[in-house]
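Structure, as structure tokens:
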Amino acid sequence: MDDSFHYMSMINHMTIQKKLMEQLKDTGLTLGQPKVLDYLKDHDGVSQKEIAAGCLIEAGSLTSILNRMEEKDLIERKMLNGNRRTFHIFMTETGKKNQKLVEEAFKKIEKTALNGISEEEQKLFMEIFCRIYRNLADMK
């Protein structure tokens with residue numbers, strides 16, 4: 001196994017995604033939907049554009065994710081203040097129930113991933129991990 005930064009980043013991401021979807025298989029959620037529900041937990045009622053930015057999802061991809069979520073009664077789109085150009089996305093009761101399951105699954109995955117790693121090491125790792133993200137976000 002290659003232990004380069006890029007390879008370890010990719011396989012960790014894919015492993016987390018796989019474990020998450022395994023834990024959520026009974027919910028019927030598909031790729032992209034848990035991330036949106038997780039984002040809406042703290043940003044319920046935001047615009048589609050804000051969700052795309054917050055979840056790092058392209059607008060076209062997000063539209064199809066939200067369409068499927070609306071069909072499954074996980075979210076609803078509402079116009080606010082008569083603005084017909086911007087819809088705001090709200091979780092339904094079904095969406096909120098599924099969001100709780102997503103949150104529980106993420107907690108379980110994080111607990112497993114960080115098993116045997118001290119709180120001090122976890123704090124240092126997260127500081128470095130956040131710095132790596134900022135470096136990449138600023139990359140030209």
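The values are calculated or read from the model by the stated rules, or taken from the named source; none is laboratory data. Model, not experiment: these values are computed from the prediction. Every residue, glycine among them, receives a Cβ derived from its backbone with ideal geometry; neighbour counts consider all protein chains shown. Note: areas computed on protein heavy atoms with side chains; ligands, DNA, RNA excluded. Shrake-Rupley method; radii C 1.70, N 1.55, O 1.52, S 1.80 Å.
Residue by residue, here is whether (1) in contact with a Cys (Cβ under 9 Å, 6 or more places away or on another chain); (2) hydrophobic (A, V, I, L, M, F, W, C); (3) under 22 Å from Ser47 (Cα atoms); (4) assigned to a strand (DSSP E or B) holds:
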{"site": "Glu70", "(1), (2), (3), (4)": "no, no, yes, no"}
{"site": "Glu76", "(1), (2), (3), (4)": "no, no, yes, yes"}
{"site": "Gly82", "(1), (2), (3), (4)": "no, no, yes, no"}
{"site": "Lys97", "(1), (2), (3), (4)": "no, no, yes, no"}
{"site": "Lys107", "(1), (2), (3), (4)": "no, no, no, no"}
{"site": "Thr112", "(1), (2), (3), (4)": "no, no, no, no"}
{"site": "Lys123", "(1), (2), (3), (4)": "no, no, no, no"}
{"site": "Glu127", "(1), (2), (3), (4)": "no, no, no, no"}
{"site": "Arg134", "(1), (2), (3), (4)": "no, no, no, no"}
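Against the conditions (1) modelled with pLDDT of 95 or more; (2) in contact with a strand residue (DSSP E or B) (Cβ under 9 Å, 6 or more places away or on another chain), Val102 satisfies every one except (2).
Only residues that are more than 17 Å from Val102 (Cα to Cα), open to solvent by less than 80 Å² (accessible area, probe 1.4 Å) and free of Cβ contacts under 8 Å to residues at least 12 places away in the same chain were counted in region 41-75, giving 7. Summed over region 47-68, residues that are assigned to a helix (DSSP H, G or I), more than 21 Å from Ala137 (Cβ to Cβ) and in contact with a strand residue (DSSP E or B) (Cβ under 7 Å, 6 or more places away or on another chain) total 2. Taking region 1-16 as the range and being open to solvent by 100 Å² or more (accessible area, probe 1.4 Å) and more than 21 Å from Leu31 (Cβ to Cβ) as the test, the residues that pass are Met1, Asp3, Phe5, His6. Scanning region 89-138 for residues that are among the small types (Gly, Ala, Ser), closer than 30 Å to Arg68 by Cα and either open to solvent by 100 Å² or more (accessible area, probe 1.4 Å) or without any contact (Cβ under 8 Å) to a residue 24 or more places away in the chain (or both) gives a single hit, Ala137. Out of Lys19, Lys78, Lys25, which single residue is surrounded by fewer than 12 Cβ atoms within 10 Å (Cβ to Cβ) and modelled with pLDDT of 95 or more? After applying the criteria, what remains is Lys25.
I'm trying to understand the selection: among the residues of region 28-40, which are open to solvent by less than 30 Å² (accessible area, probe 1.4 Å) and in a helix (DSSP H, G or I)?
Gln33, Pro34, Val36, Leu37, Leu40
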